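The structure under discussion appears below in the form of structure tokens.
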Amino acid sequence: MAPPLIQLKDIALTFGGAPLFDGVELSVSAGDRLCLIGRNGSGKSTLLKIVAGLIEPDRGSRFVQPGSTIRYLPQEPDFDGYKTTLAYVEAGLAPGDAHYQAAYLLEQLGLHGDEDPAHLSGGEARRAALARMLAPDPDILLIDEPTNHLDLTTIEWLESDLAQRRGAIVMISHDRRFLANLSRATAWLDRGVIRQIDRGFSQFESWRDDVLAEEERDQHKIDRKIVAEEHWLRYGVSGRRKRNVKRLAGLHELRASRRDYRGPTGSANLAAAEADKSGKLVIEAKNIAKAWGDRPIVENFSIRVNRGDRIGIVGPNGAGKTTLISILTGALPPDSGSIRLGTNLEIATLDQHRDSLDAKTSLAEALTGGRGDQVMVGGKPRHVIGYMKDFLFKQEQARTPLEALSGGERGRLMLARALAKPSNLLVLDEPTNDLDLETLDVLEEMLGDYDGTVILISHDRDFLDRVVTSVIAPEGDGRWTEYAGGYSDMLSQRGADLSRAPAKAASEAGAPKSAAPAAAPAPKRKMTFNDKHALETLPKTIAKLEAEIAALQQQLDDPQLYARDRAKFDKLSAALAKAHDEHQAAEHRWLELEMLREEIESA
């Protein structure tokens, strides 16, 4: 076994009277690909800073192999004192490092090197920080949420670059696909301790569920043993004195163990406050176009969005995703073409710019708007503390200023604000940023159960595959195309990733067939949450439609109905035809999903 490059032993750290870590052990050897997993607030970023030597623990030791080089990617890089991005990246180089790497990596990441760090967007700041971390080619890379604010093209480039590096990597990320593609071992930080397995993230969740189930069984056994010992204490204590004293001490230990047990953190209780249903048509865009100066952002784009659709918008930063979503929702008029919004629309928006709130504002004030201790949820008042707990905030955090919240906590706050407003159309811009995996699971379930329509921008490939029913992707020069299915389905239909023109566009431009990008291998098919939900609920829908058809047919069987009430006859006939169409569509959809399920199970 290779000697460790970095080793932590018996690490303990306490914040605000509560222990964050107690007895944490972690070892990283050459070539390791370790993902660090844990809930928001569990201390992942703090532990990574201890590994990097930026924070001193209260107890324990940190060993670094002499001569090893370490580079750390923080969530919020500090650009103070640097006039350009190139100067910032070069400052991270050590004597003897190749200086051309700084300019090369900036170019690969879409920066020129002369940008003023004070005016960088979130995505540009993240790319500059990545270039500074990667340029020295260190022995150990410590990366905290590297995919935040990155577009899909850059994420896929980063994956490829990291996969080819020889150094060890310790990574924190909410991006399931990123972790599954890169990790070969997993360290789970849970309630102040670390459990580690030599398996990548793809096998983590099933292992975690097994661990928690075993823990629950152990606690159940302790509970039963305490009951048995308490029964003995009441009715059998008159036996041998010495043995009784020892047994009584054992009971005290059991009680202490049960009292000190910290169960797993509960899940967030995400629920959107739903307004009355919108009309069947939500948005209809016909030949819309928008340009900024000479640059076309949207060109001749048409789409029809119906109630219940889940639409994802993807593309590189700067492609115009936010502009497109603003036009579709009526917030920005197109230069040409038409937009028609459906009836009874109530829109709730989650903005990706989480710094729009005053950093000095308290958590409670951000939820209530500074108006007392009540927050309006779905038009009804709720006490702010109760609503905070739904989003995993503690009561004592009510007066915490926003500047003291972690990235994940700010993400949950923005979700709490957006979901409190009654809506039947959710517009979400990067909703997954900084959220832990468990909260992402709950968000996916909430969107699956939401009766309204969802339009979202996301760079999280796994999230898109699980949630959306179609994807809108840019093709260049302001052209956008809608593809059925999730992100993986889009790639298989498009025949290219987002960094290249699609195969169809290349052939239409007259390029020889050999010049068109090769089609990406079809991804392994899987059922999304929406598919599973539909498979479970469609039989009930079909049965309900069959009952409705039978009832309508019974009324139409009255031979006197046509002569007695022609208007009612016409109305019932139209309703029967509509019910037959819906029944046929539901049966067809159920059959497709059942065949998909059988195909997956037999694979």
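Every test in (1) modelled with pLDDT of 90 or more; (2) surrounded by 18 or more Cβ atoms within 10 Å (Cβ to Cβ) is passed by Glu107 save one, and that test is (2).
Applying the condition of being touching a strand residue (DSSP E or B) at 6+ places or on another chain (Cβ under 9 Å) and in a loop (DSSP other than H, G, I, E, B) to the stretch 385-431 and asking which residue is nearest to Ser326 (Cα to Cα) yields Glu430. You will find that of Gly96, Gly92, the residue that is over 34 Å from the mean Cα position of the chain (by Cα) and either at positive phi or small (Gly, Ala, Ser) (or both) is Gly96 and no other.
Taking the stretch 1-62 as the region of interest, the strands (runs of 3 or more DSSP E) fully inside it that hold 3 or more residues being over 26 Å from the mean Cα position of the chain (by Cα) are 4-15, 18-29.
Residue-wise test of (1) in contact with a Pro (Cβ under 6 Å, 6 or more places away or on another chain); (2) closer than 19 Å to Ile197 by Cα.
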position	(1), (2)
Pro3	no, yes
Leu54	no, no
Gly60	no, no
Tyr82	yes, no
Asp114	no, no
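Considering the stretch 110-217, the qualifying helices (runs of 4 or more DSSP H), each wholly inside and each with 1 or more residues that are in the same structural domain as Val51 (by TED's automatic domain parsing), of a type in the set (Lys, Arg) and touching a His at 6+ places or on another chain (Cβ under 6 Å), run over 122-134. Candidates Ala18, Ala52, Ala87: the one that is at pLDDT below 90 and assigned by TED's automatic domain parsing to the domain that holds Met171 is Ala18.
Criterion applied to Ser507, Ser499, Ser488 was being polar (S, T, N, Q), at pLDDT 85 or above, under 30 Å from Asn287 (Cα atoms) and not assigned by TED's automatic domain parsing to the domain that holds His588, and the one residue passing it is Ser488. Close contacts from the stretch 58-72, counting a first residue that is at positive phi and a second that is surrounded by 15 or more Cβ atoms within 10 Å (Cβ to Cβ) and of a type in the set (Gly, Ala, Ser), with Cβ to Cβ under 9 Å and a gap of 6+ residues or different chains, come to Gly60/Ala12.
Has the stretch 59-67 got at least one residue that is crowded, with 19+ Cβ neighbours inside 10 Å and modelled with pLDDT of 90 or more? Scanning the stretch 59-67, I find no residue that is crowded, with 19+ Cβ neighbours inside 10 Å and modelled with pLDDT of 90 or more, so the answer is no. Any residue in the stretch 344-364 that is in a loop (DSSP other than H, G, I, E, B) and among the hydroxyl-bearing types (Ser, Thr, Tyr)? So far as the stretch 344-364 goes, yes, one or more of its residues are in a loop (DSSP other than H, G, I, E, B) and among the hydroxyl-bearing types (Ser, Thr, Tyr). The set of residues from the stretch 299-316 being surrounded by fewer than 19 Cβ atoms within 10 Å (Cβ to Cβ) and of a type in the set (Phe, Trp, Tyr) is empty.
The values are calculated or read from the model by the stated rules, or taken from the named source; none is laboratory data. Fair warning: this is a prediction, and the values are worked out from it, not measured in the lab. Neighbour counts are summed over all protein chains in view; Cβ atoms, including those assigned to glycine, are modelled from backbone coordinates with ideal geometry.
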